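Derivation of every value follows stated rules applied to the coordinates shown; laboratory data play no part. Owing to the predicted nature of the structure, the values given are computational and were not obtained by experimental measurement. Methodologically, a virtual Cβ is constructed for each residue, glycine included, from the backbone with ideal geometry; neighbour enumeration extends over all protein chains shown.
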């Protein structure tokens, strides 16, 4: 509360310095919030496009698999899918987007079996499905990266929004009120001191006339 502070010129100067810093911080945080929102909306659009692509490719893979098993017996399908052709590892690093640390997923495929099944005994749809699946796995990692980035950015946006609101609706108005209060008290003291000085002057002049 403004009434709880000492109404001194030093305190007035201190509060004026604080409000200058608060207003500068408020401006920077608003710019950060707006920048985060713009990046966040761009990421959401990317995620929407990529998710649609992944879902469509997944449907296509499933259809290719159904086509393959429709012309192959179960034993052939099981044999063809028994051994993996590739293994996948993921390198995870961190990058900074407007002070938000977000993950970067980099999948790396390593061939473990050049041709784990007979080409003459399997449908070409199996090969097509595998190629699509391998590409789709890369997209899934990219989608996971984008969606995690969106989640982390949304958290930072909310935290920044709260800080902006606290400055705008609490700290800055409180400092403004306190500054007005201190200034008013200083003005009152100045007028009071001036009145006392004028009375003292009148008393001294009256004493001088009596002598």
Item to check | Tilt relative to the chain, helix 124-166 - C-alpha long axis, 0 to 90 degrees, to 10 | outcome: 10
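Which value in deg cm²/dmol, rounded to the nearest 500, describes the helix-derived mean residue ellipticity at 222 nm for the chain, given -39,500 (n - 2.57) per DSSP H run of n ≥ 4 and division by the residue count? Walk me through the numbers before you get to the answer.
Values: 4 runs with 154 residues, N = 211.
-27000 deg cm²/dmol, from helical runs alone.
Give, in nm to one decimal, the length gained when the segment between residue 110 and residue 10 is fully stretched (0.36 nm per residue of separation minus the Cα-Cα distance). Spell out each step's value before the answer.
On the way: separation 100, 0.36 × 100 = 36.00 nm, distance 6.98 nm.
Residue separation times 0.36 nm, minus the Cα-Cα distance, leaves 29.0 nm.
Roughly what percent of Cα-Cα pairs across the stretch 2-209 reach past 23 Å? Let's see the in-between values first.
Working: 14951 of 21528 pairs.
Tail of the P(r) past 23 Å holds 69 percent of the pairs.
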Checklist entry - Angle, helix 9-71 long axis vs. longest principal axis of the chain, Cα atoms, 0 to 90°, nearest 10? => result 10
Item to check | Spacing of the two label points (7 Å from each Cα toward its C-beta) at residue 144 and residue 162, in nm | outcome: 2.9
Item to check | Inter-label distance, nm, simple model (7 Å from Cα along the C-beta direction), residue 170/residue 87 | outcome: 5.3
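Please order 156, 55 by the number of other Cβ within 10 Å, starting at the fewest.
Going from least to most buried by this count: 55, 156.
Give me Rg over Rh for the stretch 135-191, both radii from the alpha carbons and Rh done the Kirkwood way, two decimal places. Can you show the working numbers first?
Working: Rg = 24.0 Å, Rh = 15.2 Å.
Looking at the stretch 135-191, the ratio lands at 1.57.
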Item to check | Degrees separating the helix 172-210 axis from the principal Cα axis of the chain, which is the longest one | outcome: 10
